[in-house]
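Enquirer: Starting off with a structure, shown below.
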Amino acid sequence: MKTRLKLLPLLLIIAFLTIGCFAQKEAEPASRMHEVEARSFYNIEAELNVEEKILTAVEEISYYNNDNIEMKELYFHVYPNAFKTKETAPFLFDDFENAYKRGFEPGYAEIISVSKREDSGEKLLKHSLSGEGETILKVELDSPLKPYERVNIKIQFMLKIPPAGERFGYGPNHFNLGNWYPIAAVYDEKDGWNLDKYYAIGDPFYSDAADYRVSIKTPEEYVVAASGRLVEETKEDDGRIKRVYEGKALRDFAIVANNNFDVLEEEVDGIKVMSYYYKEDRERGQEALEYGVKAIKLFSKLYGQYPYPTYSIVQTEFPSGMEYPALVYISDKYYKPNYSSDPLLIVVVHETAHQWFYGIVGNDQVDEPWLDESFAAFSETLFIERTYGKKTGEDYYNRSVVNSVETALSSEIIDGGLSKSLSEFNNWDDYGPTAYDRGAQMLKELREKLGEDMFMEIIRTYV
């Protein structure tokens, strides 16, 4: 499920469909869950020490070489190391003070050992860290990995979690574990190994879909939200709770643990949608659930069936919203009474759309960030139109997209170009109007030229 569609293939799809080669009206299922033999498998056992802000883990990867080359080494992203220094620490919206309001302390990963597992036992492998912030782990194999074969790698590691209101960090009651474990880098024909740094702009992640089994031990008072489906929950002799999650065809696996969570849930078309919220914010927690259910229903109809058995909408400390497979962060500020319901609605809808555009369509978010952000941004307008009427949708589009692009163009913050990599942006001021709004504008214009039916057929084919 290593999909890397660029603008040219998308335009070819458009050309193909506009000459009448497709007449299908209903969307097909958007993900092929049964293709297990062509995916890697992660088995991670983790334990969270909430007092020391440390997580220890053993990660076993059955790595599948789905490229037609022999591999003499493997590469993994170790994103937590970006949090080691102020110079490399990523923080959203160019706002370091907000990200580290409790003061800066380093976060990092310590790789304890890397070994190869065979029937005869384990063999230690040479490994080294490199890249900006030492975020790239190179593992030297003792023999080449042939195309379409597997190798079993075991990585023992420890995380020091920083006091950051970010994807990876902790606060008074919570631990955000996003991009927290060594994850295999993507090898593709264009770039070879994709070993990009952890940019502070955008979502600098690009990974193959894989299957997961993840267990985490936490103190009993912590409630855990995770990307996978909970399959086992037991109480250990020391009183800690061990939870085991499984997930198929996930591009990543995120966890949020909080000792102040309540949970609401609703089932829609066999999908368990869950809203995790702070106990004092129940009213907005209920709203978040309602918005998520409506978005799952609508986007399943428009784009193809939501492919996972669960979907978790998680209130947590974060500047805005962040997508992970089957789980999204939603900023805790949007749940507070000094905000209207509008930001909560839009962010939940936007991050839900990412379940298709990034989760299913696995574009390279470093080289081509517009390919998921513009579709998620345009999905906001589609949701408003279908839920509240075309006039309301048009008003929303003009306020959120047209005004943003026109202001950025007139002030020469952006040049109007669309297909740019993260390295080509100066900051969030030019990234947002380009990757989100300029792309959404292109999609709306395309819909107007092609008509609703043809446009939606193109999008379903893309997915």
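Enquirer: Answer yes or no: is there a residue in segment 134-157 that is touching a Lys or Arg at 6+ places or on another chain (Cβ under 8 Å) and in a loop (DSSP other than H, G, I, E, B).
Expert: Yes, segment 134-157 has at least one match.
Enquirer: Starting from residues that are charged (D, E, K, R) and outside any helix (DSSP H, G or I), keep the ones in segment 322-369 and report whichever is nearest to TYR306 (Cα to Cα).
Expert: Restricting to residues being charged (D, E, K, R) and outside any helix (DSSP H, G or I), the top hit is GLU323.
Enquirer: If only one of SER215, SER207 is hydroxyl-bearing (Ser, Thr, Tyr), over 24 Å from PRO90 (Cα atoms) and surrounded by fewer than 23 Cβ atoms within 10 Å (Cβ to Cβ), which one is it?
Expert: SER215
Enquirer: Could you say whether any residue in segment 49-59 is surrounded by 20 or more Cβ atoms within 10 Å (Cβ to Cβ), in contact (Cβ under 8 Å) with a residue 60 or more places away in the chain and over 16 Å from GLY169 (Cβ atoms)?
Expert: Looking for residues that are surrounded by 20 or more Cβ atoms within 10 Å (Cβ to Cβ), in contact (Cβ under 8 Å) with a residue 60 or more places away in the chain and over 16 Å from GLY169 (Cβ atoms), one finds at least one in segment 49-59, hence yes.
For (1) aliphatic (A, V, I, L, M); (2) in contact (Cβ under 8 Å) with a residue 12 or more places away in the chain, each residue gets a yes or a no:
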site: ARG167; (1), (2): no, yes
site: TYR170; (1), (2): no, yes
site: PHE175; (1), (2): no, yes
site: TYR198; (1), (2): no, yes
site: ARG213; (1), (2): no, yes
site: ALA226; (1), (2): yes, yes
site: GLU233; (1), (2): no, no
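Enquirer: When you go through ASP237, ASP188 one by one, which is the residue that is farther than 28 Å from LYS146 by Cα and either over 17 Å from the mean Cα position of the chain (by Cα) or crowded, with 21+ Cβ neighbours inside 10 Å (or both)?
Expert: ASP237
Enquirer: While we're here: Listed residues ASP191, ASP211; which is outside the structural domain of SER421 (by TED's automatic domain parsing) and modelled with pLDDT under 95?
Expert: ASP191
Enquirer: Next question, about the same structure. Contact list please: Cβ distance under 7 Å, first residue in segment 73-97 and more than 20 Å from ASP429 (Cα to Cα), second residue surrounded by 15 or more Cβ atoms within 10 Å (Cβ to Cβ) and among the polar types (S, T, N, Q), pairs at least six apart or on different chains.
Expert: Partner pairs satisfying both residue conditions: HIS77/THR135; VAL78/THR135; TYR79/THR135; TYR79/ASN179; ASN81/THR135; ALA82/THR88; ALA82/THR135.
Enquirer: Considering only segment 116-137, how many residues are closer than 16 Å to GLU60 by Cα and buried (at least 17 other Cβ atoms within 10 Å of the Cβ)?
Expert: Qualifying residue count, segment 116-137: 4.
Enquirer: Does any residue of segment 406-426 turn out to be touching an Asp or Glu at 6+ places or on another chain (Cβ under 6 Å), surrounded by fewer than 19 Cβ atoms within 10 Å (Cβ to Cβ) and part of a helix (DSSP H, G or I)?
Expert: The answer is no; no qualifying residue exists.
Enquirer: Related question: Kindly indicate whether SER113 is within 24 Å of PHE205 (Cα to Cα) and either outside any loop (DSSP other than H, G, I, E, B) or outside the structural domain of ASP252 (by TED's automatic domain parsing) (or both).
Expert: Answer is no for this residue.
Enquirer: So, one more: Return the residue satisfying two criteria in turn: it lies in segment 89-103 and is surrounded by fewer than 18 Cβ atoms within 10 Å (Cβ to Cβ) and in contact with a helix residue (DSSP H, G or I) (Cβ under 8 Å, 6 or more places away or on another chain), and of such residues it is farthest from GLY202 (Cα to Cα).
Expert: ASP94
Enquirer: If you don't mind, there's one more thing I want to ask. Pick out the one residue from ILE155, ILE112, ILE136 that is over 23 Å from the mean Cα position of the chain (by Cα) and not small (Gly, Ala, Ser).
Expert: Only one candidate qualifies: ILE112.
Enquirer: Another one. How many residues are over 23 Å from the mean Cα position of the chain (by Cα) and in a loop (DSSP other than H, G, I, E, B) if we restrict to segment 64-105?
Expert: Looking only at that region, the number is 12.
Enquirer: Those residues that are without any contact (Cβ under 8 Å) to a residue 40 or more places away in the chain and among the β-branched types (Val, Ile, Thr), I need them from segment 264-322; list them, please.
Expert: Within segment 264-322, VAL268, VAL293 meet the criteria.
Enquirer: Identify all residues within segment 107-126 that are more than 27 Å from ASN176 (Cβ to Cβ) and at pLDDT 95 or above; write none if there are none.
Expert: The answer is SER115, LYS116, LYS123, LEU124, LEU125, LYS126.
Residues are listed down the side, and each one gets a yes or a no for (1) under 28 Å from PHE96 (Cα atoms); (2) assigned by TED's automatic domain parsing to the domain that holds PRO204; (3) more than 27 Å from the chain's Cα centre (by Cα); (4) of a type outside the set (A, V, I, L, M, F, W, C):
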{"residue": "GLU412", "(1), (2), (3), (4)": "yes, no, yes, yes"}
{"residue": "LYS420", "(1), (2), (3), (4)": "yes, no, no, yes"}
{"residue": "GLY432", "(1), (2), (3), (4)": "yes, no, no, yes"}
{"residue": "ASP437", "(1), (2), (3), (4)": "yes, no, no, yes"}
{"residue": "GLU457", "(1), (2), (3), (4)": "no, no, no, yes"}
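The values are calculated or read from the model by the stated rules, or taken from the named source; none is laboratory data. All values derive from a computational prediction rather than experimental measurement. FYI the Cβ positions are ideal-geometry reconstructions off the backbone, even for glycines, and counts take in every protein chain you see.
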